[in-house]
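First the structure, in the form of structure tokens, and then the observations on it.
The values are calculated or read from the model by the stated rules, or taken from the named source; none is laboratory data. What you see is a predicted model, and the numbers here were worked out from it, not measured in a lab. Here the Cβ positions follow ideal geometry from the backbone for every residue, glycine too, while neighbour counts run over all protein chains shown.
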Amino acid sequence: MDRTKKTDRVLRLWLLLLRSPERYSTRQLAEKFNVTARTIYRDLECLEYELRVPVYNSEGKWAVQENYFLPPISFTTAEALCIFLAARLMLGYSHRYDPNVESTFRVLSSVLQAPLGNQVEKTLEWMRRFPRDERRLQNLAKLAEGWTTLHRLKISYQSLPADVATERIIEPYFIEPAAPGHASYVIAYCLRTHEVRTFRIERIQDVEITDQGYTIPGDFDANQHFAGAWGVVTEGEEQDIRLKFKKEIARLIEETIWHPSQKLAKQPDGSLIMNLRVYNSYELVTWIMGWGQKVEVIEPEELRSQIEQTAKDIVKLYSRKPIV
């Protein structure tokens, strides 16, 4: 038996039963982990008798005892490095002081050896120079609590085109950071519009946790929800996008996975064709425009015309003297 695979499966089973509001039968767990029911029973015994996790069966469904907390966790150097890099990315796009990030770094610092531990301390010093947005911190904490406890939230939200904020009742499904906008977003069902909407957290002025519960639909999968998004925008329909990059930046484009749907084809002249299946959003347009004359939109025609018109507007803007 591959003990590494078993350990990984048992840990994933542990977290699934601990975090999921749903309960699973033995058959459902076996299907989810692609193993036999007998294997699931052995894994559950491992959790209960070897790891001392209080699992129990109620009406044929498995769960972990409420108010149970994970014991202290130790990290390998590689695992700690992953958390360190993730936190660095968060700081890089937000440029705000966050006490929760600092406490995370503190935990890492206590278990790391130099030089990584020294870099953690330097990151903490760097972060303390950033401004602290108390309203955003409080709102984010309430959003997280409402999401994890499955309680509806009353928010005061000012959309980009609106002059004033409006009150909404939302049911959070997911919280997603997005590097292109240097912001975080909450994906939630809005009782005002009766649809799943994306709310930029920085535009939320106030959050109130209500006593009304809700359920996240079983078929909601954040990974599928964002599958066609270049960032977080999921409006409209996914389109087949075809771009041609000039030879001088072809290697740079090849070195990065820009989107899971990308397919690259090197051309005889050294240029590169990129095929994508994504939403035609302002996030995508901004990224394309960032490469200037070194990329050409081949299709769809709608996107090509959009880029062309934007380029004309830029030329028109810079053909006159600046107005101060």
Pick from the range 265-292, criterion in contact (Cβ under 8 Å) with a residue 40 or more places away in the chain and part of a helix (DSSP H, G or I), ranking: nearest to the chain's Cα centre (by Cα): Glu283
From Leu317, Leu252, residue being surrounded by 12 or more Cβ atoms within 10 Å (Cβ to Cβ), part of a helix (DSSP H, G or I) and out of contact with any strand residue (DSSP E or B) (no Cβ under 6 Å at 6 or more places or on another chain): Leu252
One residue from Tyr24, Tyr68 being modelled with pLDDT under 80 and of a type outside the set (A, V, I, L, M): Tyr68
Residue satisfying condition, being hydroxyl-bearing (Ser, Thr, Tyr), in contact with a His (Cβ under 8 Å, 6 or more places away or on another chain), at pLDDT 95 or above and more than 27 Å from Phe84 (Cα to Cα), within set Tyr214, Tyr189: Tyr214
Matching residues in the range 164-206 - criterion: being in a strand (DSSP E or B), among the aliphatic types (A, V, I, L, M) and under 17 Å from Leu140 (Cα atoms): Ile169, Ile170, Ile175, Ala178, Ala183, Val186, Ile187, Ala188, Ile204
So Leu91, is it part of a helix (DSSP H, G or I) and either in contact with an Asp or Glu (Cβ under 9 Å, 6 or more places away or on another chain) or in the same structural domain as Leu191 (by TED's automatic domain parsing) (or both): yes
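Within the range 198-207, is there a residue that is among the basic types (Lys, Arg), closer than 14 Å to Ile170 by Cβ and surrounded by 16 or more Cβ atoms within 10 Å (Cβ to Cβ)? It would help to see each step written out before you state the result.
From the range 198-207, those among the basic types (Lys, Arg) are 200, 203; that's our starting set.
Of the ones still in play, those that are also closer than 14 Å to Ile170 by Cβ are 200, 203.
If we keep only those that are surrounded by 16 or more Cβ atoms within 10 Å (Cβ to Cβ) too, we end up with 200, 203.
Checked against the condition, which is being among the basic types (Lys, Arg), closer than 14 Å to Ile170 by Cβ and surrounded by 16 or more Cβ atoms within 10 Å (Cβ to Cβ), the range 198-207 yields at least one hit.
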Near pairs, Cβ below 6 angstrom, 6+ apart or cross-chain, from the range 148-166 (over 16 Å from Ala188 (Cα atoms) and in the same structural domain as Asp206 (by TED's automatic domain parsing)) to any residue that is of a type in the set (Phe, Trp, Tyr) and surrounded by 12 or more Cβ atoms within 10 Å (Cβ to Cβ): Ala165/Tyr157
